[in-house]
Amino acid sequence: MASPIPELCMIGARTLQDGAMTGSPLSVANGKIVDAAATQLDLSGYLVMPGIIDLHGDAFEHHMAPRPSAPFPFLTGLVGTDRDAAANGVTTAWMAQSWSWEGGHRGPDYAEGFLAAHAAFRPRMQTDLRVQIRCETHTSDLEERLIAAIRAYGIDYVIFNNHLDEAAELAAERPEQFVFWAQKSGRSADEHMARVQAAKARDKDVPRYLCNLASTFDRLGVTYGSHDDHDAATRERYSMIGAKVCEFPTSMKAAVVARTWGDPILMGAPNVVRGGSQSGNVSALVLIAEGACDALVSDYYYPALAEAAFALSDKRLMDLPAAWQIISTRPAQIMGLGDRGSLDIGKRADLAIINADTRQVEGTMVAGCWTHLCGTLASRVCDLRTPMSVAAE
């Protein structure tokens with residue numbers, strides 16, 4: 001990434017500060033938000049918002065393999081993911097990489113290769129791309145290997161999930177989908193079912209395994225939680241071992257328990273934009289209306305994040321400042337990122353600049369560097385006499 005712009009004062013825009021949209025100028029210098037700057041940029045007709053912080057996304061998988069049978073090199077996929085995130089106002093994002101008994105692109109071999117490529121790509125990143133490990137609960141035979149990878153690559157976020165019940169249901173009720181799942185992992189349906197059964201045989205080891213991991217994560221400062229909790233008992237068990245983040249609860253009962261325990265609840269932004277879950281689970285809109293959603297995540301589609309914030313405002317479920325905070329301020333708080341998530345003086349200059357009429361993200365800034373510029377905003381920036389730094393590829 002290039003050096004941050006020396007200074008810039010953005011005037012004329014509506015800016016989200018202190019929980020409200022204001023007309024106050026916003027100044028940045030040397031990567032941070034500051035009191036004042038001399039060089040002025042007229043942003044009349046724009047909204048200046050905190051950069052979006054995405055706590056869970058697997059859109060990167062589409063960049064790694066645009067088709068299941070057409071994988072690309074890790075570097076190619078990471079470059080595409082970086083550009084995709086930046087073009088949609090995302091300034092910090094966790095890519096959800098599976099660590100599973102399934103093998104293939106969800107197995108530990110693939111995960112370790114991806115982590116190594118990610119570490120090598122870091123100096124070239126525009127977006128602050130990080131990795132979330134989605135750890136299948138029945139991988140107790142991989143405990144030492146998982147902990148070694150987390151230590152080696154500085155992983156700061158792990159989510160537990162269990163797809164064994166889903167596998168059994170698919171095999172019994174929708175065998176054609178089970179066959180497709182097996183093929184994606186490079187094996188026959190019988191071979192895949194053998195993997196399912198071998199993983200299921202580790203049932204008795206899972207409680208100790210998860211507790212061991214929880215203890216290690218506490219020592220390493222790793223944030224952890226669970227994915228797709230389907231009932232109250234499941235969420236309570238995870239919460240009791242310290243897996244506090246409740247990602248995509250599939251039922252209201254699971255969400256209620258999370259709220260009772262004070263556990264942060266994450267839901268998918270596409271769920272909001274589309275008006276419901278594509279899997280038939282509890283609607284994010286219902287949870288938001290009940291005060292049972294703390295943050296929205298991209299899930300599988302980066303554009304949905306900003307669109308969801310505007311949708312919530314349009315539906316009058318919350319005003320735009322509050323809606324934007326669940327894709328910026330609140331995610332930063334959940335992950336303990338005190339240097340970003342709001343446009344306060346001294347914070348990192350992470351911004352999303354949006355055309356107020358079209359609602360298109362025309363500019364994204366990460367730590368004071370332009371990572372995305374297009375449209376009229378690009379013309380206004382180019383007209384400035386003071387050279388602006390743009391992030392290198």
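Here, each number is a calculation from the coordinates, and none is a lab measurement. Because the structure is a prediction, the values reported are computed rather than measured. Here the Cβ positions follow ideal geometry from the backbone for every residue, glycine too, while neighbour counts run over all protein chains shown.
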Low-density loop positions, trypsin sites (Lys or Arg not before Pro), region 294-393 - DSSP coil, at most 11 other Cβ in 10 Å: 316, 385
Reach of residue 32 by Cα under 18 Å, taken over aspartates and glutamates that are not fewer than 8 positions away in the same chain: 7, 18, 128, 339, 344, 350
Built amide H within the under 5 Å cut-off of residue 132, gap 5+: 95, 96, 97
Most to least packed among 329-335, 239-245, 34-40 [average Cβ atoms within 10 Å]: 329-335, 239-245, 34-40
DSSP-defined antiparallel bridges as percent of all bridges, the chain, nearest 5: 40
Length-normalised contact order for region 99-194 - Cα pairs under 8 Å, 6+ apart - percent: 28
Coil-residue trypsin sites (Lys or Arg not before Pro) of region 181-243, DSSP, other Cβ within 10 Å capped at 15: none
Taking only Cα atoms of region 52-334, radius of gyration then Dmax in Å: 18.2, 52
Efficiency of FRET from Cβ geometry, residue 317 and residue 360, R₀ 30 Å, rounded to 0.05: 0.85
Partners for residue 315 among aspartates and glutamates (Cα-Cα distance below 20 Å; same-chain residues under 8 apart left out): 290, 294, 307, 357
Cross-link reach list, lysines versus residue 184, counting only Cα pairs under 23 Å and skipping chain neighbours closer than eight places: 200
Kirkwood-type radius of region 90-170, with distances r between different C-alpha atoms, in Å: 13.4
Pair-distance profile P(r), taking every C-alpha pair of region 1-83, with 10 angstrom steps and integer %: 16, 30, 23, 22, 9, 0
